[in-house]
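Since every read-out is calculated from the coordinates, none of them should be taken as a lab result. Small disclaimer: the values here were computed from a predicted structure and weren't measured. With ideal geometry, Cβ positions are generated from the backbone for all residues, glycine too; neighbour counts draw on all protein chains shown.
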Amino acid sequence: LQRRLATAGYYYGAIDGIMGPQTRRAIRAYERAYGALSMR
């Protein structure tokens, strides 16, 4: 997931497989850009 987000330009952290704050932030940015609904 991190690698794909990085390739798409949404994630700039280390590719470590950990769902940390940077990964969550990148997911939210991707969802906003593509109109995805939040899973909350």
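Considering only the range 21-36, I want to know if a residue exists there that is of a type in the set (A, V, I, L, M), exposed (fewer than 11 other Cβ atoms within 10 Å of the Cβ) and part of a loop (DSSP other than H, G, I, E, B). Among the residues of the range 21-36, not one is of a type in the set (A, V, I, L, M), exposed (fewer than 11 other Cβ atoms within 10 Å of the Cβ) and part of a loop (DSSP other than H, G, I, E, B), which makes the answer no. A single entry from 17, 9 fulfils the requirement of being surrounded by fewer than 11 Cβ atoms within 10 Å (Cβ to Cβ) and in a loop (DSSP other than H, G, I, E, B): 17. Just one of the listed residues (6, 26, 14, 33) is touching a Leu at 6+ places or on another chain (Cβ under 7 Å) and among the hydrophobic types (A, V, I, L, M, F, W, C), namely 26.
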